[in-house]
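Engineer: Before I ask anything, let me first share the structure, which is written out below as structure tokens.
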Amino acid sequence: MSVTIKSDSEIELMREAGRILALVHQNLGKEIKPGMSTLDIDRLGEEMIRSYGCIPSFLNYCGYPASICVSVNEEVVHGIPSKDRIIKEGDIVSLDAGVIYNGYHSDAARTVAVGEISKEAQALIDVTRMSFFEGIKKAKAGNHLYDISAAIGDYATARGYGVVYDLVGHGIGANLHEEPEVPNFRQRWPHKGIKLRPGMTLAVEPMINAGAPEVLWTDDEWTVITEDRSLSAHYENTILITEGEPEILSLTEDEKAAGYLDLLR
Ligand code: CO
């Protein structure tokens with residue numbers, strides 16, 4: 001399958017999927033408290049997704065056993081929720097969620113603080129989010145895909161962080177994962193990636209480590225951790241390419257109120 005251009009009616013469905021997923025993140029993020037298990041978080045998230053009339057897209061995807069990927073501290077992505085994994089004050093927790101609304105997907109992730117966290121952990125969360133916005137400044141028709149990749153990677157590497165290169169973002173639409181792959185680091189010349197066109201929808205998702213970029217898969221075959229056990233953060237949104245600045249389909253109301261859209265200008 002090649003890169004798809006969404007029709008106006010498909011875009012409407014993806015807007016609605018994104019709006020609902022943003023609500024899930026906004027509400028779930030506020031529920032995260034010390035003493036919860038990662039399974040409690042998954043249960044809450046799944047309930048929210050279903051209450052808005054959506055299907056959790058991760059559940060049973062390639063055998064993944066939950067609706068929300070919950071990845072704590074040195075876990076990068078795809079943490080499997082467990083009743084035995086209790087989060088505590090000072091942890092950072094990456095919540096990755098996907099919803100299907102009338103056949104169309106939205107995918108987004110946020111790393112949230114559990115109570116008070118260290119300055120280093122907060123800086124990592126902030127750099128990860130900023131790298132996303134630096135990247136999508138380049139996400140407009142006429143530019144090339146790897147302009148986004150280079151902007152994300154350069155931003156984080158220049159600040160001393162490790163950009164995960166073993167996992168990438170992706171096209172999204174009627175499927176969770178569509179072409180193209182969206183790397184988070186500069187690609188070797190002369191590779192530019194596809195030319196961006198209005199109607200393309202992408203899940204852009206920098207995964208950034210406080211230490212080295214290398215990651216490992218654990219024995220559960222899902223959970224990805226940093227090789228050096230440094231903290232890792234994740235920030236992902238589903239975006240729509242337009243002639244001008246991209247439309248971020250899964251941005252939360254709190255993020256809009258915080259002025260994040262100004263970061264695109
Ligand atoms: Co994704």
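Engineer: I'd like the full set of residues that are in a helix (DSSP H, G or I), in contact with a strand residue (DSSP E or B) (Cβ under 7 Å, 6 or more places away or on another chain) and within 16 Å of the ligand (Cβ to nearest atom), limited to segment 105-151.
Structural biologist: 128, 131, 132, 135, 136, 145, 148, 149
Engineer: Mind listing just one residue for me: the one in segment 1-37 that is charged (D, E, K, R) and under 15 Å from residue 53 (Cα atoms) and, of those, most open to solvent (accessible area, probe 1.4 Å)?
Structural biologist: Residue satisfying both the conditions and the ranking: 19.
Engineer: Name the pairs: first residue in segment 188-207 and more than 11 Å from residue 145 (Cα to Cα), second residue open to solvent by 100 Å² or more (accessible area, probe 1.4 Å) and assigned to a loop (DSSP other than H, G, I, E, B), Cβ to Cβ under 9 Å, at least 6 apart or on different chains?
Structural biologist: 198/243
Engineer: A further question follows. Provide a single number: the residues in segment 224-236 that are out of contact with any helix residue (DSSP H, G or I) (no Cβ under 6 Å at 6 or more places or on another chain) and open to solvent by less than 10 Å² (accessible area, probe 1.4 Å).
Structural biologist: The total comes to 5.
Engineer: Related question: Residues in segment 77-94: is at least one within 16 Å of the ligand (Cβ to nearest atom), open to solvent by 20 Å² or more (accessible area, probe 1.4 Å) and among the aliphatic types (A, V, I, L, M)?
Structural biologist: The answer is no, given that none of the residues of segment 77-94 is within 16 Å of the ligand (Cβ to nearest atom), open to solvent by 20 Å² or more (accessible area, probe 1.4 Å) and among the aliphatic types (A, V, I, L, M).
Engineer: List every residue pair whose Cβ atoms lie under 6 Å apart, where the two residues are 6 or more positions apart in sequence or sit on different chains, the first residue falls within segment 48-65 and is of a type in the set (S, T, N, Q), and the second residue, located anywhere, is part of a loop (DSSP other than H, G, I, E, B).
Structural biologist: Cβ pairs passing all conditions: 57/176.
Engineer: Those residues that are surrounded by fewer than 20 Cβ atoms within 10 Å (Cβ to Cβ) and touching an Asp or Glu at 6+ places or on another chain (Cβ under 7 Å), I need them from segment 139-169; list them, please.
Structural biologist: Residues satisfying the conditions are 140, 141, 168.
Engineer: Please specify each residue of segment 54-79 satisfying the condition of being assigned to a loop (DSSP other than H, G, I, E, B) and out of contact with any helix residue (DSSP H, G or I) (no Cβ under 8 Å at 6 or more places or on another chain).
Structural biologist: 57, 58, 60, 64, 65, 73, 74, 78
Engineer: So which residues in segment 191-221 are open to solvent by 60 Å² or more (accessible area, probe 1.4 Å) and over 18 Å from residue 128 (Cβ atoms)?
Structural biologist: Residues satisfying the conditions are 191, 192, 195, 197, 216, 217, 219, 220, 221.
Engineer: Working only within segment 217-258, note down all residues that are aromatic (Phe, Trp, Tyr) and farther than 30 Å from residue 13 by Cβ.
Structural biologist: 217
The values are calculated or read from the model by the stated rules, or taken from the named source; none is laboratory data. Please read all numbers here as calculations on a predicted model, not as lab measurements. We place every Cβ from the backbone using ideal geometry, glycine too, and count neighbours over all the protein chains shown. These accessible areas exclude ligands, DNA and RNA; they are computed on the full protein's heavy atoms, side chains included. Shrake-Rupley method; radii C 1.70, N 1.55, O 1.52, S 1.80 Å.
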